[in-house]
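J.: Below you will find the structure I want to go over with you.
The values are calculated or read from the model by the stated rules, or taken from the named source; none is laboratory data. This structure is a prediction, so every number in the text was calculated from the model and none was measured. FYI the Cβ positions are ideal-geometry reconstructions off the backbone, even for glycines, and counts take in every protein chain you see. Only protein heavy atoms, including side chains, enter the accessible area calculation; ligands, DNA and RNA are left aside. Shrake-Rupley method; radii C 1.70, N 1.55, O 1.52, S 1.80 Å.
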Amino acid sequence: MRKVSFGLGLAGGILGILTSIFNTIALLVFKNIDFIDIGEKLHMPDFFEHGGFFFSDLKIFSALSAFYWVGIAATLAAGILGIIGAGILKNKNIPAGVLMLVGGGLCFAGGSSTLVAALLIAAGVLALIKQKGKLPEGTQE
């Protein structure tokens, strides 16, 4: 179970960091686009003037970007916690499991990536399961 937990935690951590980097780039690119100008180039000015497109009001887009930054920060923190948890899993399984569960909860609460949250929560639960040790010699099951 520890190898599976290590793999899930490491995969969730790496995926969380990559997701936060990709989302940061996407936010910086799309934040500077003037969607009303796109409508004029598509010869649809009436559609954009009457609020037919969701991002025609750029104030709404700016307010949404604040929530998007929170999701990016939560996913980045979850990724870092997942990698740390995977790193200390072999020696300290309980703190590692707790770190991965906290990272998964953060990512789920941030709403940025449910896949990363699912990987980290599964890794945390598997890390907390008590591993069956070897039976002493001379005993039977």
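J.: For the range 94-134, enumerate the residues that are in contact with a Lys or Arg (Cβ under 9 Å, 6 or more places away or on another chain) and either buried (at least 16 other Cβ atoms within 10 Å of the Cβ) or within 11 Å of LEU8 (Cβ to Cβ) (or both).
T.: Selection gives ALA96, LEU126, ALA127.
J.: Sticking with this one: Mind listing whichever residues of the range 78-93 are among the small types (Gly, Ala, Ser) and open to solvent by 40 Å² or more (accessible area, probe 1.4 Å)?
T.: GLY87
J.: Here is a further query. Would you mention how many residues in the range 86-124 are touching a residue at least 40 places away in the same chain (Cβ under 8 Å) and farther than 19 Å from LEU18 by Cβ?
T.: 6
J.: Can you give me the number of residues within the range 9-44 that are of a type outside the set (Gly, Ala, Ser), out of contact with any Ser or Thr (no Cβ under 7 Å at 6 or more places or on another chain), modelled with pLDDT under 90 and exposed (fewer than 15 other Cβ atoms within 10 Å of the Cβ)?
T.: So the count comes out to 14.
J.: Go through PHE67, PHE6, PHE47 for me and flag whichever is hydrophobic (A, V, I, L, M, F, W, C), surrounded by fewer than 16 Cβ atoms within 10 Å (Cβ to Cβ), over 11 Å from the mean Cα position of the chain (by Cα) and modelled with pLDDT of 60 or more.
T.: Criteria check complete, one pass: PHE67.
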